[in-house]
Amino acid sequence: MAFSEFDVIDTNGDLVHHLIAYEPKCSPPGVMQIIKSITARKIFNEYSLIKKKLLCFELLSGGGSIGTVGEDITCSIIKTCIKNKGN
């Protein structure tokens with residue numbers, strides 16, 4: 001799967017916000033699973049001690065939130081809302 005846009009917009013240590021543009025060949029939950037799998041693999045490769053300590057436990061939570069861009073909600077609006085969250 002090729003992403004035409006992939007930005008990490010914000011993180012607070014426990015949560016990462018991404019803005020991702022991709023061809024609609026995969027469902028949004030499928031895209032989220034791909035990103036979580038790649039992230040976990042890279043973390044485990046870089047920090048092997050984490051994998052040993054976690055054993056069978058998950059590194060990343062099973063949760064997530066997905067929003068879509070359309071006529072009324074643009075990428076710019078989403079970026080602004082995420083950057084201003086909590087303000």
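Results, tabulated for the structure shown:
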{"read-out": "Among the candidates Leu19, Leu59, residue that is within 14 Å of the chain's Cα centre (by Cα), surrounded by 13 or more Cβ atoms within 10 Å (Cβ to Cβ) and modelled with pLDDT under 75", "value": "Leu59"}
{"read-out": "Flag for Ile38 being modelled with pLDDT of 75 or more, exposed (fewer than 14 other Cβ atoms within 10 Å of the Cβ) and either aliphatic (A, V, I, L, M) or in contact with a His (Cβ under 7 Å, 6 or more places away or on another chain) (or both)", "value": "yes"}
{"read-out": "Residues located in the range 22-34, provided they are surrounded by fewer than 13 Cβ atoms within 10 Å (Cβ to Cβ) and touching a residue at least 12 places away in the same chain (Cβ under 8 Å)", "value": "Glu23, Lys25, Pro29"}
{"read-out": "Some residue of the range 77-86 being exposed (fewer than 10 other Cβ atoms within 10 Å of the Cβ) and at pLDDT 70 or above", "value": "yes"}
{"read-out": "Residue check for Phe44: of a type in the set (Phe, Trp, Tyr) and modelled with pLDDT under 80", "value": "no"}
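The values are calculated or read from the model by the stated rules, or taken from the named source; none is laboratory data. All values derive from a computational prediction rather than experimental measurement. When we count neighbours, we look across all protein chains shown, and the Cβ atoms used for this are built from the backbone with ideal geometry, even at glycine.
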